[in-house]
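Please treat every number below as a calculation from the coordinates, not as lab data. Computed from a predicted structure; not experimentally measured. Cβ sites come from the backbone with ideal geometry, for glycine too, and all protein chains shown count toward neighbours.
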Amino acid sequence: MLYLSGRDNTHTESWEFFCTGGRQSGYWTTIEVPSCWEQQGFGHYDYGRDYRTYGKQFRFSDEKGLYRHTFQAPADWAGKAVYLVFEGVMTDAEVRINGTPAGPVHQGAFYQFRYPVSDKLRFGGSNLLEVTVSKMSADHSVNRAERYADYWIFGGIFRPVFLEVFPGEHMLRTAVNAPAD
């Protein structure tokens, strides 16, 4: 396993970052990962209960965060199965490795997702990870499920990011069905 971010909020790594709206927006800088960009001084603050506008014209902020991070993939990983794992991104995440999409856009903030990336990595060399995070989901059902509540709405890569390495032939999951007869 190779962490690309820090392991938690007290052990972070600096990534390149660009926020499209709100505070400190419109230019490339750095941000600590994992974290929510609002807590690092970027973007807008939105409160979840504000879907009830009480006659006001209200719309949640829909800024995007663009992340870039360069990392090395060890040469001895060639021929192995490598997965890029995100433990939590708020909310939609479009992920690219060396300019190639890692997979479909992930939607939803509160669960882990992974992409097989062995065929996208440069083993023994430098690799570029690019992540575009949309604070609001393109899927309205995700927004309804994750936004209409009594809490602040944050954006960003708020949980660790890492590479998992397995032998070329492996099983990711097994299941046993043992019904009682």
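Structure notes:
- Length-normalised contact order of the chain in % [C-alpha pairs under 8 Å, at least 6 apart]: 30 percent
- Taking amide H as placed 1.01 Å from N in the peptide plane, the amide H of residue 4 sits under 5 Å from that of 161, 162, 163, each at least 5 places away or on another chain.
- Fewest neighbouring Cβ atoms within 10 Å first, the residues 97, 157, 31 line up as 97, 31, 157.
- Cα gyration tensor category, rounded, prolate or oblate, for the chain with a/c compared to 1.5: oblate
- When the chymotrypsin sites (Phe, Trp or Tyr not before Pro) in region 1-37 are filtered for DSSP coil states and for at most 14 other beta-carbon atoms within 10 Å of their beta-carbon, the remaining sites are 27.
- Taking Cβ atoms as reference points and 13 Å as the exclusive limit, the residues near residue 127 contribute a net charge of +2, counting Lys and Arg as +1 and Asp and Glu as -1.
- Taken over region 2-166, lysine pairs spaced eight or more positions apart, or on distinct chains, with alpha carbons under 30 Å apart number 6.
- Sparsely packed chymotrypsin sites (Phe, Trp or Tyr not before Pro) within region 85-117, loop by DSSP, other Cβ within 10 Å at most 14: 110, 111
- Applying the Karplus relation 6.51 cos²θ - 1.76 cosθ + 1.60 with θ = phi - 60° to region 116-129 yields 3J(HN,Hα) values of x, 10, 3, 7, 10, 8, 9, 6, x, x, 7, 10, 10, 9 Hz, where x marks Gly and Pro.
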